[in-house]
């Protein structure tokens, strides 16, 4: 592998948009070096689903795996960035003609969320028929540059469940505006949160050179 690492994470900051009704992100320096005599100490409050994050199956399935139970290797390795800009939704028919070349991770570039400080009124989502296609192709992880693979009002979460039923884990809110389609090495490791339903990640990619 060669090339520069590209950060595809949303920077976490006070004012970043949270899922409607969820816990806003807040960071503050709780204790100043001037008072402790030695160090500054920060404090963070956040939902697990603000900014770039992974969903553990427990997020939408009471019997699903939690963050600390997930296989780490899924979040490291070769990934294919696929440009699907302009589509309102992505399903089997949009991807089945693409040669995945044995890649186990795909990242969808939709460009449907231009401002991370504003929760979008609409964004590109996945259709429920995508799960079976990804399983057929050996895909284990799908990433998308939107807040969710399902529409914001959805209570049935059809895409989440389709992916889960077909063994595909979910990475959301990545940033692909400056990433060209093609093959990359991906690192997007979750924190080992015991019993967690999700986790923030620092996601990075670099060009894959065989």
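Scan the range 36-48 and give yes if some residue there is touching a residue at least 40 places away in the same chain (Cβ under 8 Å), buried (at least 18 other Cβ atoms within 10 Å of the Cβ) and closer than 29 Å to residue 140 by Cβ, otherwise no. Checked the range 36-48: at least one residue is touching a residue at least 40 places away in the same chain (Cβ under 8 Å), buried (at least 18 other Cβ atoms within 10 Å of the Cβ) and closer than 29 Å to residue 140 by Cβ.
Of the residues making up the range 12-59, those that are part of a helix (DSSP H, G or I) and over 25 Å from residue 163 (Cα atoms) are 33, 34, 35, 36. Could you go through the range 122-131 and let me know if any residue there is in contact (Cβ under 8 Å) with a residue 40 or more places away in the chain and surrounded by fewer than 20 Cβ atoms within 10 Å (Cβ to Cβ). No: zero hits. Summed over the range 83-114, residues that are part of a loop (DSSP other than H, G, I, E, B) and either modelled with pLDDT of 95 or more or in contact with a helix residue (DSSP H, G or I) (Cβ under 6 Å, 6 or more places away or on another chain) (or both) total 15. Residue 30 fails exactly one of the following numbered conditions: (1) under 30 Å from residue 120 (Cα atoms); (2) exposed (fewer than 12 other Cβ atoms within 10 Å of the Cβ). What is the number of that condition? Every listed condition holds for residue 30 apart from (1). Taken over the range 149-199, the criterion of being buried (at least 19 other Cβ atoms within 10 Å of the Cβ), touching a residue at least 60 places away in the same chain (Cβ under 8 Å), in a loop (DSSP other than H, G, I, E, B) and touching a strand residue (DSSP E or B) at 6+ places or on another chain (Cβ under 7 Å) is satisfied by 173, 174, 176, 188.
Does residue 80 satisfy the condition of being exposed (fewer than 14 other Cβ atoms within 10 Å of the Cβ) and either in a helix (DSSP H, G or I) or on the phi < 0 side of the Ramachandran plot (or both)? For residue 80, the condition - exposed (fewer than 14 other Cβ atoms within 10 Å of the Cβ) and either in a helix (DSSP H, G or I) or on the phi < 0 side of the Ramachandran plot (or both) - is not met. Candidates 74, 67: the one that is modelled with pLDDT of 95 or more, under 30 Å from residue 99 (Cα atoms) and buried (at least 17 other Cβ atoms within 10 Å of the Cβ) is 74. Considering (1) surrounded by 24 or more Cβ atoms within 10 Å (Cβ to Cβ); (2) closer than 16 Å to residue 74 by Cβ, the lone condition that residue 138 does not fulfil carries the number (1). Among the residues of the range 1-11, those identified as surrounded by 14 or more Cβ atoms within 10 Å (Cβ to Cβ) and assigned to a loop (DSSP other than H, G, I, E, B) are 8, 9, 10.
The values are calculated or read from the model by the stated rules, or taken from the named source; none is laboratory data. The model shown is predicted, which means the values in this text are computed figures rather than measured ones. Note that each Cβ is placed from the backbone with ideal geometry, even for glycine, and that neighbours are counted across all protein chains shown.
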